[in-house]
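Q: Handing you a structure now.
The values are calculated or read from the model by the stated rules, or taken from the named source; none is laboratory data. As the structure is a prediction and not an experimental result, all values here were calculated from the model. Here the Cβ positions follow ideal geometry from the backbone for every residue, glycine too, while neighbour counts run over all protein chains shown. Side chains included, ligands, DNA and RNA excluded: accessible areas come from the protein's heavy atoms. Shrake-Rupley method; radii C 1.70, N 1.55, O 1.52, S 1.80 Å.
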Amino acid sequence: MPGLEDLYREIILDHYRNPRNRGELESPPALRAEGFNPLCGDEVVIYLAMGGDVITDLKIAGQGCSISQSSASMMSAAVKGKTLAQARSTIRAFRAMMSLHGQALDGHGDGASGGGGTGAVGPEEDERTGAEVAAAEGVSLGDLEALQGVVKFPVRIKCATLSWHTLAQALDEAEKGAGPD
Amino acid sequence: MALNDFGPPLDVARIKKDFPILDRVVHGKRLVYLDSASSAQKPLPVLDAMQRYYETTHANVHRGVYQIAQEATELYEGARAKVAAFIGAAAPAEVVFTKNATEAVNLVAYTWGRANLGTTDAMVTSEIEHHANFVPWLQLHQEKGTELRFLPLGEDGTLDLDQLDQLLDGAKLLAVTAASNVLGTLPPVRLLADAAHAAGALVLVDGAQYVPHLPTDVREMGADFVAFTGHKMLGPTGIGALWGRRELLESMPPFLTGGEMIRDVRLDGFTTNDVPWKFEAGTPPIAEAVGLGAAVDYLNGLGMSAVRAHEQALTAYAMRALKERYGDDISIHGPPPGSERAGIVSFAYKDVHAHDLSQVLDQAGVCVRAGHHCAKPLMRRLGVTATARASFSVYNDEADVDVLVDAIGQADALFG
Ligand SMILES: Cc1ncc(COP(=O)(O)O)c(C=O)c1O
């Protein structure tokens, strides 16, 4: 039986108490995306400043529990200064860590507040761990690995993924803005 | 009210034995269920009645000529009569079985509302409504352009009635809760209903959190419609009810259409059945009705005045115990304990998020709700995104509250 210490790792509590990249950016020019967790009312707003295909700045506003807030904070640290492609890779690695291989966490029509499953997906062609996906994609999950324990608390997976859904939306916008290539 | 009006007080130790789920152990702890406002647990007589029905009597209702079909129909209609008596309805025909309270409100919005409300009309609801008694009216507003007005929340967790008459001026409907599922507020429904009627408006009361916990007389309430739901009153899920004044129900167009609700169908038209069947299209939730009837019997056996006295006292005990232990570290939303508060306590502890708090409480076996409680406009008004909420029923006692109070402090280890 998982205990609370599996969920509330020290690093998570640290990001919760001292959230990184908290704030807002003027929008426009920054892109802005909002996500809601319809189950609990948590809200996240992501501001994304792009320079070419690089995320030059990123700020996070909103309110939520320790899991949603720390996940957003760690995510911001992981993707700031990275390219769109690297950010997508990080999302894929995070998705794998949350055992959400089959689900469209990387945007493209995936509503930020989409209902449905809690992550208990059936057999999947991609059974790799988050670390394996990260290695293959050439990105690092870093502190985010601490969120691994959330998988054992299925109702909290949506807390952890809220900001990622929202980031995926913002990246969709950024790609639209960059035009087809 | 004098003590002897309540009848004998509840023997909670005995009552607990009627609820098998309370024997469960979670995370090595006794299950302490404090989320009855979300959904109540079920006593053995309810479970047995449903099991017995399926084992001995099941057949479709209002159709078969054979013995068990007749018996099933009698059980189904008998349940309706029990529910009608429980809420003081003039006749069983005034009770329409629905899926839940949400469907009951929607029934009125889709039938009476769409037939009677237009661009030049107004509806009044309140800031403390559950989405079930809010979104259907918002939708009507969006579709029909009917103005939607709100009774505001006052400072003390009760409704602010200063503008009541102005708000009701020109209104055709007042849709208001009899008990807030977040704050426990018990608005003065009779007073509101009288004012609404004086202004020419009909009154729909959301009784989802009231009917299970307080003696209910729909005619004394002064309502025209009352919506409530079986699973919050010790009955099964999948059944609720709309009570409506008979002549109103008769004047309304049907809701869902198909079998059961018709009198005659030709290739070019149909006529509807009498009330209440006019609103019960398709095969109804028969076993669930039987279960709800058994739940009503169970509550009557306890006595609703005794139920209310017990829950009111337990709520006061909980609010006192939380404050005594945690002082300013705990903040409790809603009115003070007493006759204007139902057995619902929404609270915040330090700045621990409600999700995190309920996760900690879960480890102690305590079930509380954390979230927006389907009342987002109210949460915005309170300036919070989520609260933790403990709510009480007949099977809770002071020992349950003590477990809750002890467990809250365990959040300090992580979030202190
Ligand atoms: C005040 C209130 N109204 C309506 C409802 C809706 O009940 P149901 O979900 O059974 O339709 C609830 C349930 O949470 C409630 O608390």
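Q: Which one is farthest from the ligand (Cβ to nearest atom), of the residues in segment B:75-84 that are among the small types (Gly, Ala, Ser) and in contact (Cβ under 8 Å) with a residue 24 or more places away in the chain?
A: The extreme case among them is B:GLY78.
Q: A:LEU13 fails exactly one of the following numbered conditions: (1) buried (at least 18 other Cβ atoms within 10 Å of the Cβ); (2) hydrophobic (A, V, I, L, M, F, W, C); (3) within 13 Å of chain B (Cβ to nearest Cβ). What is the number of that condition?
A: Of everything listed in (1) buried (at least 18 other Cβ atoms within 10 Å of the Cβ); (2) hydrophobic (A, V, I, L, M, F, W, C); (3) within 13 Å of chain B (Cβ to nearest Cβ), A:LEU13 misses just condition (1).
Q: Given the structure, is B:ALA109 within 21 Å of the chain's Cα centre (by Cα) and within 11 Å of the ligand (Cβ to nearest atom)?
A: No: the conditions fail for B:ALA109.
Q: Please verify whether segment B:45-60 includes one or more residues that are part of a loop (DSSP other than H, G, I, E, B), of a type in the set (A, V, I, L, M) and not assigned by TED's automatic domain parsing to the domain that holds B:GLY343.
A: Looking through segment B:45-60, at least one residue is part of a loop (DSSP other than H, G, I, E, B), of a type in the set (A, V, I, L, M) and not assigned by TED's automatic domain parsing to the domain that holds B:GLY343.
Q: Only one residue in B:GLU94, B:GLU55 is open to solvent by 70 Å² or more (accessible area, probe 1.4 Å), away from chain A (no Cβ under 14 Å) and away from the ligand (no atom under 16 Å from the Cβ). Which one?
A: B:GLU55 is the lone residue from the list that is open to solvent by 70 Å² or more (accessible area, probe 1.4 Å), away from chain A (no Cβ under 14 Å) and away from the ligand (no atom under 16 Å from the Cβ).
Q: Would you call B:ASP356 more than 10 Å from chain A (Cβ to nearest Cβ) and out of contact with any Asp or Glu (no Cβ under 9 Å at 6 or more places or on another chain)?
A: Against the criterion (more than 10 Å from chain A (Cβ to nearest Cβ) and out of contact with any Asp or Glu (no Cβ under 9 Å at 6 or more places or on another chain)), B:ASP356 does not qualify.
Q: Kindly indicate which of B:GLY282, B:GLY301 is surrounded by fewer than 20 Cβ atoms within 10 Å (Cβ to Cβ) and at positive phi.
A: After ruling out the rest, the residue left standing is B:GLY282.
Q: Can you find, within segment A:145-157, the residue that is farthest from the other protein chains (Cβ to nearest Cβ) among those that are closer than 30 Å to A:ASP53 by Cβ and surrounded by fewer than 24 Cβ atoms within 10 Å (Cβ to Cβ)?
A: Among residues in segment A:145-157 that are closer than 30 Å to A:ASP53 by Cβ and surrounded by fewer than 24 Cβ atoms within 10 Å (Cβ to Cβ), the one farthest from the other protein chains (Cβ to nearest Cβ) is A:GLU145.
Q: Right, something else. Which ones in segment B:125-180 are in contact with a strand residue (DSSP E or B) (Cβ under 7 Å, 6 or more places away or on another chain), within 16 Å of the ligand (Cβ to nearest atom) and over 30 Å from B:GLN312 (Cα atoms)?
A: Within segment B:125-180, B:TRP137, B:LEU138 qualify.
Q: So which of A:GLY35, A:GLY41, A:GLY51 is without any contact (Cβ under 8 Å) to a residue 24 or more places away in the chain and either surrounded by 18 or more Cβ atoms within 10 Å (Cβ to Cβ) or in contact with a Phe, Trp or Tyr (Cβ under 6 Å, 6 or more places away or on another chain) (or both)?
A: Testing whether each residue is without any contact (Cβ under 8 Å) to a residue 24 or more places away in the chain and either surrounded by 18 or more Cβ atoms within 10 Å (Cβ to Cβ) or in contact with a Phe, Trp or Tyr (Cβ under 6 Å, 6 or more places away or on another chain) (or both) leaves just A:GLY41.
Q: Right, next: Is there any pair linking a residue in segment B:116-141 that is more than 23 Å from B:ALA179 (Cβ to Cβ) to one that is assigned to a helix (DSSP H, G or I), with Cβ under 7 Å and at least six apart or on different chains, and which?
A: B:LEU117/B:LEU140; B:LEU117/B:LYS144; B:GLY118/B:LYS144; B:THR119/B:LYS144; B:LEU140/B:ALA109; B:LEU140/B:GLY113
Q: Related question: Based on what the data block shows, is B:GLY338 surrounded by fewer than 17 Cβ atoms within 10 Å (Cβ to Cβ), more than 14 Å from chain A (Cβ to nearest Cβ) and in a helix (DSSP H, G or I)?
A: In short, no.
Q: Scan segment A:145-181 residue by residue and report those that are under 19 Å from A:ASP57 (Cα atoms), touching a helix residue (DSSP H, G or I) at 6+ places or on another chain (Cβ under 7 Å) and of a type in the set (A, V, I, L, M).
A: Once the filter is applied, which keeps residues that are under 19 Å from A:ASP57 (Cα atoms), touching a helix residue (DSSP H, G or I) at 6+ places or on another chain (Cβ under 7 Å) and of a type in the set (A, V, I, L, M), segment A:145-181 yields A:LEU167, A:ALA168, A:LEU171, A:ALA174.
Q: Further question: When segment B:169-183 is examined, which residues are found to be aliphatic (A, V, I, L, M) and outside any loop (DSSP other than H, G, I, E, B)?
A: Across segment B:169-183, the qualifying residues are B:ALA171, B:LEU173, B:LEU174, B:ALA175, B:VAL176.
Q: Also: Among the residues of segment A:59-84, how many are over 17 Å from A:GLY41 (Cβ atoms) and assigned to a helix (DSSP H, G or I)?
A: Total meeting the criteria: 9.
Q: State all residues of segment B:200-253 that are open to solvent by 40 Å² or more (accessible area, probe 1.4 Å), on the phi < 0 side of the Ramachandran plot and either within 15 Å of the ligand (Cβ to nearest atom) or not acidic (Asp, Glu) (or both); if no residue qualifies, say none.
A: Once the filter is applied, which keeps residues that are open to solvent by 40 Å² or more (accessible area, probe 1.4 Å), on the phi < 0 side of the Ramachandran plot and either within 15 Å of the ligand (Cβ to nearest atom) or not acidic (Asp, Glu) (or both), segment B:200-253 yields B:TYR210, B:PRO215, B:ARG219, B:THR237, B:ARG245, B:ARG246, B:SER251, B:PRO253.
Q: Any idea how many residues of segment A:16-31 are open to solvent by less than 30 Å² (accessible area, probe 1.4 Å) and either closer than 15 Å to B:LEU414 by Cα or within 10 Å of chain B (Cβ to nearest Cβ) (or both)?
A: Residues that pass the stated criteria total 0.
Q: Same structure, new question: Can you name the residue in segment B:359-381 that is without any contact (Cβ under 8 Å) to a residue 60 or more places away in the chain, within 10 Å of another protein chain (Cβ to nearest Cβ) and assigned to a helix (DSSP H, G or I) and is also nearest to the chain's Cα centre (by Cα) among such residues?
A: Here the residue is B:ARG380.
Q: Take the residues in segment B:380-397 that are within 26 Å of B:ASP351 (Cα to Cα) and open to solvent by 10 Å² or more (accessible area, probe 1.4 Å); name whichever of them is modelled with the lowest pLDDT.
A: That would be B:THR385.
Q: A follow-up question, please. Taking the condition surrounded by fewer than 16 Cβ atoms within 10 Å (Cβ to Cβ) and over 14 Å from B:ALA178 (Cβ atoms), does B:LEU267 pass?
A: yes
Q: Pull up segment B:61-91, narrow it to residues that are out of contact with any Phe, Trp or Tyr (no Cβ under 7 Å at 6 or more places or on another chain) and among the β-branched types (Val, Ile, Thr), then point me to the one that is least open to solvent (accessible area, probe 1.4 Å).
A: Ranking the candidates gives B:VAL83 first.
Q: Here is a list: B:ARG63, B:ARG30. Which entry is at pLDDT below 95 and basic (Lys, Arg)?
A: B:ARG63
Q: Report every pair of residues separated by at least 6 positions or lying on different chains whose Cβ atoms are under 8 Å apart, first residue within segment B:7-35 and open to solvent by 80 Å² or more (accessible area, probe 1.4 Å), second among the polar types (S, T, N, Q).
A: That search, which allows pairs on different chains as well, returns B:LYS29/B:GLN363.
Q: Please indicate, with yes or no, whether at least one residue in segment B:321-335 is β-branched (Val, Ile, Thr), open to solvent by 30 Å² or more (accessible area, probe 1.4 Å), in contact with a Ser or Thr (Cβ under 9 Å, 6 or more places away or on another chain) and away from chain A (no Cβ under 14 Å).
A: Yes; the residues of segment B:321-335 include at least one that is β-branched (Val, Ile, Thr), open to solvent by 30 Å² or more (accessible area, probe 1.4 Å), in contact with a Ser or Thr (Cβ under 9 Å, 6 or more places away or on another chain) and away from chain A (no Cβ under 14 Å).
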